[in-house]
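Any read-out appearing in this document is the output of simple, stated calculations on the displayed coordinates, not a laboratory observation. Keep in mind that this is a model prediction, so the values were computed, not measured. Heads up, the Cβs are rebuilt from the backbone with ideal geometry, glycines too, and the neighbour counts pull from every protein chain shown.
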Amino acid sequence: MSGSTKIIVGISGASGSIYGIRLLESLKELGVETHLVISKAGEMTLAYETDFKAKDLRALAHKSHPVGDVGASCASGSFHTAGMIIAPCSMKTLAEIATGVTSTLLTRAADVCLKERRRLVLMVRETPLTNVHIRNMLTVSEMGGIIAPPVPAFYANPASIDDLVDHSVGRVLDLFGLDTGAVKRWRVQEDLPANKP
């Protein structure tokens with residue numbers, strides 16, 4: 001992927017603002033152009049969970065679009081991107097995408113990715129799940145979206161929350177052919193050095 005590649009980053013009001021922050025940081029480090037859309041609830045959660053202000057988050061993106069601006073460039077299929085990642089993705093956001101009833105730029109941009117057959121990755125955050133949540137995830141998956149909950153990989157022996165976040169974000173960026181260098185890859189037994197007596 002070249003430096004001219006564009007990826008839309010959405011941040012909803014689900015817990016896990018750190019995923020969106022780290023995603024923007026990683027894409028910036030990789031030289032990928034980012035277009036940020038954060039919901040009002042996303043801004044509230046950001047304030048609850050981190051020391052970041054909305055302006056700090058917007059400064060990490062190449063371009064930030066107001067969530068109410070459904071006429072923004074990323075609301076059109078003619079705006080070429082590699083796709084979109086929503087990190088984290090709330091169940092409300094998921095429901096709007098699944099039903100096609102898009103009330104904000106956040107869900108409109110996701111809908112555009114689906115209709116244009118571009119990659120859409122949702123880092124859904126909720127537990128336990130209701131039947132409605134599961135049906136909505138299946139619907140989005142059947143439309144070509146990728147459901148990628150940020151599930152910790154303990155085989156990587158994480159030493160910190162940062163390790164857990166970096167691994168989840170790295171695995172999501174793998175889906176776009178982007179390697180952050182932060183993912184500890186699985187090694188099968190035959191790849192490991194032989195045990196010494």
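Name the residue, out of Ser78, Ser26, Ser17, whose mean-square fluctuation peaks in a Gaussian network model built on the chain with Cα pairs under 10 Å.
Among Ser78, Ser26, Ser17, the largest mean-square fluctuation in the Gaussian network model of the chain belongs to Ser78.
Distance in nm between label sites at Lys28 and Ala159, each 7 Å beyond Cα in the beta-carbon direction?
2.5 nm
Would you mind classifying region 6-180 by shape? Square roots of the alpha carbon gyration tensor eigenvalues, ordered a ≥ b ≥ c; an a/c under 1.5 is rounded, otherwise it is prolate if a/b is larger than b/c and oblate if not.
rounded
Tell me the relative contact order for the chain as a rounded percent, counting alpha carbon contacts under 8 Å between residues six or more apart.
Worked out over the chain, it gives 21 percent.
Rounded to the nearest 500, what is the 222 nm mean residue ellipticity of the chain from helices alone, with -39500 (n - 2.57) per DSSP H run of 4+ residues and division by all residues?
Only helices count here, giving -11500 deg cm²/dmol.
Between region 160-181 and region 82-154, what's the alpha-carbon centroid distance in Å?
Cα centroid to Cα centroid, the span is 18 Å.
For a footprinting-style exposure proxy, rank Asp166, Asp51, Asp174 by other Cβ within 10 Å, fewest first.
Asp51, Asp174, Asp166
At a 10 Å Cβ-Cβ cut-off, how would you order Ile7, Ile85, fewest neighbours first?
The most exposed by this proxy come first: Ile7, Ile85.
Could you pull out the longest piece of the chain with no exposed loop trypsin sites (Lys or Arg not before Pro) in it, calling a site exposed if DSSP puts it outside H, G, I, E, B and it has at most 15 other Cβ atoms within 10 Å?
By the stated rule (loop sites, at most 15 other Cβ atoms within 10 Å), 118-183.
In straight Cα distance, which lysines are under 19 Å from Lys53, not counting same-chain residues fewer than 8 positions off?
Straight-distance partners of Lys53: Lys28, Lys40, Lys63.
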